[in-house]
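The values are calculated or read from the model by the stated rules, or taken from the named source; none is laboratory data. Since this is a predicted model, take the numbers as computed values, not measurements. Backbone-built Cβ (ideal geometry, glycine too); neighbour counts: all protein chains shown.
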Amino acid sequence: MENAINLVINSIQHIGVPVTDVNRSQQFYNRLGFTNVMEAPFNDNGGQGTCVMMQRGNILMELYQLPEAGLTEIRNRSNGHIDHVAFDVSDIDETFNIIKQAGFNVLEEAPVFLQFWKNGCKYFNITGPDGERLEFNQVL
């Protein structure tokens, strides 16, 4: 077994869940005591999706609805689906370099900026041995 790399992970930042109706899902999480703390559009394959961050205490759920073209796969599932687990990091560029140098399967060529939150965020993903997606995210 290989030794752990020297990497600072603060906590799980959020759990990303693709949804077919972001409004219905938001109401569901509201009933569980979550509140909408951020909502923003994003582009995906030429269409526009919606991302809503729902928070209860220190738990953050990312609910995102893809544009119509991307919803078919989600609608055809017979069970729920967690898309990714995101880790909060303090320095996305340093984290990216450490992960890349350690030889992990990084999906992006560089950290990606999204206009989420007040000043945006940057993220990148790696895949685990069974294809699970792990996101590293810094809110700017």
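Please go through the range 1-24 and pick out each residue that is touching a residue at least 24 places away in the same chain (Cβ under 8 Å) and closer than 23 Å to K118 by Cα.
Residues of the range 1-24 that are touching a residue at least 24 places away in the same chain (Cβ under 8 Å), as a first pass: 5-22.
Once the filter is applied, which keeps residues that are touching a residue at least 24 places away in the same chain (Cβ under 8 Å) and closer than 23 Å to K118 by Cα, the range 1-24 yields I9, N10, S11, I12, Q13, H14, I15, G16, V17, P18, V22.
All of (1) surrounded by fewer than 17 Cβ atoms within 10 Å (Cβ to Cβ); (2) closer than 23 Å to F42 by Cβ; (3) in contact (Cβ under 8 Å) with a residue 24 or more places away in the chain hold for K122 with one exception: (1).
Among the residues in the range 24-38, are any modelled with pLDDT of 90 or more, exposed (fewer than 12 other Cβ atoms within 10 Å of the Cβ) and hydroxyl-bearing (S, T, Y)? Within the range 24-38, one or more residues are modelled with pLDDT of 90 or more, exposed (fewer than 12 other Cβ atoms within 10 Å of the Cβ) and hydroxyl-bearing (S, T, Y). Taking N76 and the conditions (1) surrounded by 12 or more Cβ atoms within 10 Å (Cβ to Cβ); (2) at pLDDT below 90; (3) out of contact with any helix residue (DSSP H, G or I) (no Cβ under 8 Å at 6 or more places or on another chain), which numbered condition does it fall short on, given that it satisfies the others? Failed condition: (1).
Close contacts from the range 37-62, counting a first residue that is part of a loop (DSSP other than H, G, I, E, B) and a second that is not hydroxyl-bearing (S, T, Y), with Cβ to Cβ under 9 Å and a gap of 6+ residues or different chains, come to N45/L66; N45/P67; N45/A69; N45/G70; G46/P67; G46/A69; G57/G33.
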